[in-house]
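Notes to accompany the following structure.
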Amino acid sequence: MRDELTAPLWVKQLSDSGCFSGYASVFGVIDRDGEIVAKGAFADGLGDVAAIKMLWQHDPAQPIGLFDHIAENAHGLFVRGRLLMDVARAREAHALMRAGAIDGLSIGFRVREEERDATTGARIILKADLWEISLVTFPANPEARIRSFKSSSLRMLARDIRRATGDFTGGTCRP
């Protein structure tokens with residue numbers, strides 16, 4: 001015999017989380033601006049994730065969300081964030097992401113150390129201060145893309161039920 005509780009469930013509305021993850025920068029790729037971000041370029045400044053802003057199209061007047069996780073790995077600068085669905089522009093971004101019209105990520109930074117690639121002439125960013133990461137239509141780095149996006153799903157509903165019943169310890173997006 002299993003311990004189970006069954007009850008009817010009425011779902012009035014599934015809310016969209018706006019959670020996503022992807023690469024804001026991919027290391028070793030010459031971007032459209034003739035720049036290459038080197039592995040380790042941001043390693044010194046990733047301690048305070050809240051200080052790095054999520055913007056719409058690099059516009060500082062249009063913050064649209066928050067990042068829960070930013071870290072370098074072997075491939076690039078991996079991010080996990082969530083759109084703030086109470087913000088009108090974030091809802092628009094969400095609709096565009098859901099439709100597949102927006103999937104680019106782009107970084108705003110200040111270069112601290114650089115060098116030139118002797119073969120290609122590209123500027124190699126060795127050390128930089130990351131200021132912001134934007135959702136964009138056309139990223140300079142063609143590989144800087146949203147890789148996972150959560151919208152309404154039964155899995156999210158199950159998560160919401162776990163939260164309501166106290167069977168939840170998280171608080172960030174986990175696409």
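The values are calculated or read from the model by the stated rules, or taken from the named source; none is laboratory data. As the structure is a prediction and not an experimental result, all values here were calculated from the model. Cβ sites come from the backbone with ideal geometry, for glycine too, and all protein chains shown count toward neighbours.
Among the residues of the range 25-66, those that are touching a residue at least 40 places away in the same chain (Cβ under 8 Å) and among the basic types (K, R) comprise R32, K53. Evaluated against (1) surrounded by fewer than 18 Cβ atoms within 10 Å (Cβ to Cβ); (2) part of a loop (DSSP other than H, G, I, E, B); (3) not aromatic (F, W, Y), A71 falls short on exactly one condition, (2). Condition check for A90 on (1) buried (at least 18 other Cβ atoms within 10 Å of the Cβ); (2) at pLDDT 95 or above; (3) part of a strand (DSSP E or B): one failure, at (3). Counting the residues of the range 115-129 that are farther than 15 Å from F27 by Cβ and surrounded by 13 or more Cβ atoms within 10 Å (Cβ to Cβ) gives 1.
Surrounded by 13 or more Cβ atoms within 10 Å (Cβ to Cβ), of a type outside the set (A, V, I, L, M), farther than 25 Å from F20 by Cβ and out of contact with any helix residue (DSSP H, G or I) (no Cβ under 6 Å at 6 or more places or on another chain): which single residue out of R98, R112 fits that description? If you could, list the steps in order and put the result at the bottom.
Details: R98 fails: farther than 25 Å from F20 by Cβ.
After ruling out the rest, the residue left standing is R112.
Could you check, for the range 25-48, whether at least one of its residues is under 17 Å from F149 (Cβ atoms), among the small types (G, A, S) and in a strand (DSSP E or B)? Scanning the range 25-48, I find no residue that is under 17 Å from F149 (Cβ atoms), among the small types (G, A, S) and in a strand (DSSP E or B), so the answer is no.
Pairs are defined by a Cβ separation below 7 Å, a sequence spacing of at least 6 or placement on different chains, a first member in the range 94-117 that is closer than 21 Å to G76 by Cα, and a second member that is assigned to a strand (DSSP E or B) and basic (K, R); the pairs so defined are D103/R145; G104/R145; L105/R145; R112/K127; E113/K127; E114/R123; R116/R123.
Checking S148 against (1) under 20 Å from K53 (Cα atoms); (2) surrounded by 13 or more Cβ atoms within 10 Å (Cβ to Cβ); (3) under 15 Å from the mean Cα position of the chain (by Cα): exactly one of these is not met. Which one? Unmet condition: (2). Restricting the range 50-67 to residues that are surrounded by fewer than 17 Cβ atoms within 10 Å (Cβ to Cβ) and among the small types (G, A, S) leaves a set whose member that is modelled with the lowest pLDDT is A50.
Screening the range 130-145 for residues that are outside any strand (DSSP E or B) and crowded, with 21+ Cβ neighbours inside 10 Å and picking the one that is nearest to the chain's Cα centre (by Cα) gives A144.
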